[in-house]
Amino acid sequence: QVQLVESGGGLVQAGGSLRLSCAASGRTFSSYAISWFRQPPGKEREFVAAIRRIDGSTYYTDSVKGRFTISRNNAKNTVYLQMNSVKPEDTAVYYCAAGPMIGVTARQYDYWGQGTQVTVFS
């Protein structure tokens, strides 16, 4: 079992920055690929970014490339999502998820956090 807890969400003006954290406890954190998903109001959950457990390779959905950065600190059992130049369309509940390998669909992940709300206003 892995327990995930997101934090760092909030209200931010368009063009600003926010850093989300995903703190893990339980089984060996470094054994899992970790991803961030988001669910905008009235829409389905969508992939945002992922980081591989083996070599730390990162992957992003096109809409956040160049603006968001995912990173992990295995010693602290924490994954971060640095969000820069945010836009109103980034408004969503952000979730972190852990799974055996990288994937862009939610069903590929075994463990989920409770989510943290990010609201971007213009």
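The values are calculated or read from the model by the stated rules, or taken from the named source; none is laboratory data. Here the structure is a predicted model, which is why all the values come from computation and not from measurement. Cβ atoms come from the backbone with ideal geometry, glycine included; neighbour counts cover every protein chain shown. Note: accessible area is taken over every heavy atom of the protein model, side chains too, but ligands, DNA and RNA are not part of it. Shrake-Rupley method; radii C 1.70, N 1.55, O 1.52, S 1.80 Å.
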About the Cα centre, charge dipole magnitude for the chain (Lys/Arg +1, Asp/Glu -1 at Cβ), debye
200 debye
Treat every Asp and Glu Cβ in the range 14-81 as -1 and every Lys and Arg Cβ as +1, leave all other atoms uncharged, and give the resulting dipole magnitude about the Cα centre to the nearest 20 debye.
160 debye
Residues of the chain: accessible area per residue at 1.4 Å, in Å²?
50 Å²
For the chain, using Cα atoms only, the Rg and Dmax in Å read 13.2, 41
Show which lysines lie in cross-link reach of LYS43 when reach means a straight Cα distance below 30 angstrom and same-chain residues fewer than eight apart are skipped.
LYS65, LYS87
Run the numbers for SER57 and ALA75: contour at 0.36 nm per residue of separation, minus the present Cα-Cα distance, in nm.
4.7 nm
Using a 1.4 Å probe on the protein heavy atoms, what percent of the accessible area of the range 55-122 belongs to carbon and sulfur?
49 percent
